Amino acid sequence: MTTGNDFAVVLFESVSHALGAEKIVKGSGIGCKLIHVPRHLSSDCGICLRFHAADRERVEALLRGKLHFFEIKLL
Amino acid sequence: MKTIYLDNAATSFPKPEAMLSAMTAYQRNVGANPGRSGHGLSIDAGRIICEARESLALLFHVEDPLRIVLTKNSTEALNIALQGGLRPGDHVITSGMEHNSVMRPLRFLEGRGVELSVVPCSPRGEMDPEDLKKVLRKNTRIVVVTHASNVTGTILPVEAIGELLQDRPDVMFCVDAAQTAGALPIDVEKMNIDLLAFTGHKSLFGPQGTGGLYIREGLDQRIAPLMMGGTGSRSEFEEQPEFMPDRYESGTPNTIGIAGLGAGVSFVLEQTVEAVRAREEELASRFLAGLQDLRDEVILYGPQDASRQTAVVSFNIKNVTSSDAADYFEEQRGILCRPGLHCAPSAHRTIGTFPRGTVRFSFGFFNTQQEVDDACEALRELVKRKGKPGS
Ligand SMILES: Cc1ncc(COP(=O)(O)O)c(C=O)c1O
């Protein structure tokens, strides 16, 4: 079970993708924030989109088919 | 004396205020390197680039903005398409009205074993798509044509060419839209354009040093990047990323320029391309009409029909070199124009003005009817000055 304090992130292949996703997710009223990719998830220097884990299914449904992303991970 | 700028085909001037303020706002308030970190200013810089890409996608009817690679001008875009897309043994077709940013890469590639066909155009710069059809070969890989000539303004039949290439999915259709992006409607779907090279500093009202290349989905594997390096993405790998647009966008981008380009494109979208076109067509039409009584002394090139050309008009005055005419226009009338060959010797051969060249007046969105009338008056004056007809 996830509580309101748990976060998840979507990982992308580039900043362009992350910015595109932010627009889509924010646009549908779901709170989110672009942050540095935590080191334990990837050694890449990019950014990822953080949101409340409770919104995971909605975020996934919003992005799927619209914008390529690597994966969604719980923090 | 006030200056009348009639060199918009070289670069548009002046630019919309919004373009200038977008550039200063970026440098004053943002300034960071986009996509190289996750801090707020870096993300803001990335957002500016994202928005510019989205506006461009809207303008050209591109569904996925990430299919647009940002470059420093259309020359770089054309070099990616041509040098990246052609191998020895491939065949490429172009028109007889091209700029050197198409002809020079093609002549270079010809020296490396690429076969080149140049479809002849009429003395007015017009091309019959049937002539292009005739030179298609089994190994044709790219057809590259300018959307409109920078010498005569002649609009080439891009839609018809796109149509006739429909049954050749192995041929990539590349359009040089340097003269038309922002000035004429462009729809990459309707026109079946696979590769669209555009420059930012002409009718898109961006600064110099901006441009781009649209690459249709599925074609990037057929086009090798010309430059490789840091992209801010996939930093753990020493190989160039394969995905768009990073595959073709190495090194820190021209963010301040792209900020200006984005604002310029937004300006075009607000005005609408149709309104820009209507205004420029009216200016060109007024200029052509204003020269009617000088037809014995002034030789006009191109279609001489504003509906079939951009707001670019080339002419010569009998017994006056193009450079002398340009000097006269500037010194006596404050008119800034461009004489000579306009980086397009091939087009000048087609219209019969090589190596003499022409005087080119190119009108833009910010020119006024009064300026067009002043330009006609200046021509009339120069004709009068040089003496009686035939002298
Ligand atoms: C038809 C055409 N193609 C290509 C170019 C090259 O544009 P740029 O110098 O911005 O690369 C120009 C402009 O000079 C042009 O008029």
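The values are calculated or read from the model by the stated rules, or taken from the named source; none is laboratory data. Small disclaimer: the values here were computed from a predicted structure and weren't measured. In this analysis, Cβ positions are derived from the backbone assuming ideal geometry, glycine residues included, and neighbour counts consider all displayed protein chains. In case anyone asks, the SASA skips ligands and DNA or RNA and just uses the protein heavy atoms, side chains included. Shrake-Rupley method; radii C 1.70, N 1.55, O 1.52, S 1.80 Å.
Residues of region B:123-146 include at least one that is in contact (Cβ under 8 Å) with a residue 12 or more places away in the chain and touching a Phe, Trp or Tyr at 6+ places or on another chain (Cβ under 7 Å).
Results for (1) part of a strand (DSSP E or B); (2) at pLDDT 95 or above; (3) within 16 Å of the ligand (Cβ to nearest atom); (4) not assigned by TED's automatic domain parsing to the domain that holds B:Arg247, shown as yes or no for each residue.
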{"site": "B:Leu56", "(1), (2), (3), (4)": "no, yes, yes, no"}
{"site": "B:Leu78", "(1), (2), (3), (4)": "no, yes, yes, no"}
{"site": "B:Thr94", "(1), (2), (3), (4)": "yes, yes, yes, no"}
{"site": "B:Met97", "(1), (2), (3), (4)": "no, yes, yes, no"}
{"site": "B:Leu106", "(1), (2), (3), (4)": "no, yes, yes, no"}
{"site": "B:Glu110", "(1), (2), (3), (4)": "no, yes, no, no"}
{"site": "B:Leu116", "(1), (2), (3), (4)": "yes, yes, no, no"}
{"site": "B:Lys138", "(1), (2), (3), (4)": "no, yes, no, no"}
{"site": "B:Ile142", "(1), (2), (3), (4)": "yes, yes, yes, no"}
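Taking B:Cys343 as the residue in question, decide whether it is farther than 16 Å from B:Glu280 by Cβ and under 19 Å from the mean Cα position of the chain (by Cα). Answer is yes for this residue. Here no strands (runs of 3 or more DSSP E) wholly within region B:146-238 include at least 3 residues being of a type outside the set (Asp, Glu) and open to solvent by 30 Å² or more (accessible area, probe 1.4 Å).
Look at (1) open to solvent by less than 80 Å² (accessible area, probe 1.4 Å); (2) within 14 Å of chain B (Cβ to nearest Cβ) and you find that A:Leu62 fails only one, number (2).
So that you can scan it fast, the table gives a plain yes or no per residue for (1) surrounded by 19 or more Cβ atoms within 10 Å (Cβ to Cβ); (2) touching an Asp or Glu at 6+ places or on another chain (Cβ under 9 Å); (3) modelled with pLDDT under 95; (4) not in a helix (DSSP H, G or I):
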| site | (1), (2), (3), (4) |
| --- | --- |
| B:Pro303 | yes, yes, no, yes |
| B:Ser307 | no, yes, no, no |
| B:Val313 | yes, no, no, yes |
| B:Asn316 | yes, no, no, yes |
| B:Phe365 | yes, yes, no, yes |
| B:Gln370 | no, no, no, no |
| B:Glu377 | no, no, no, no |
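With respect to the conditions (1) within 16 Å of the ligand (Cβ to nearest atom); (2) more than 14 Å from chain A (Cβ to nearest Cβ), B:Gly212 lacks only one, and its number is (2).
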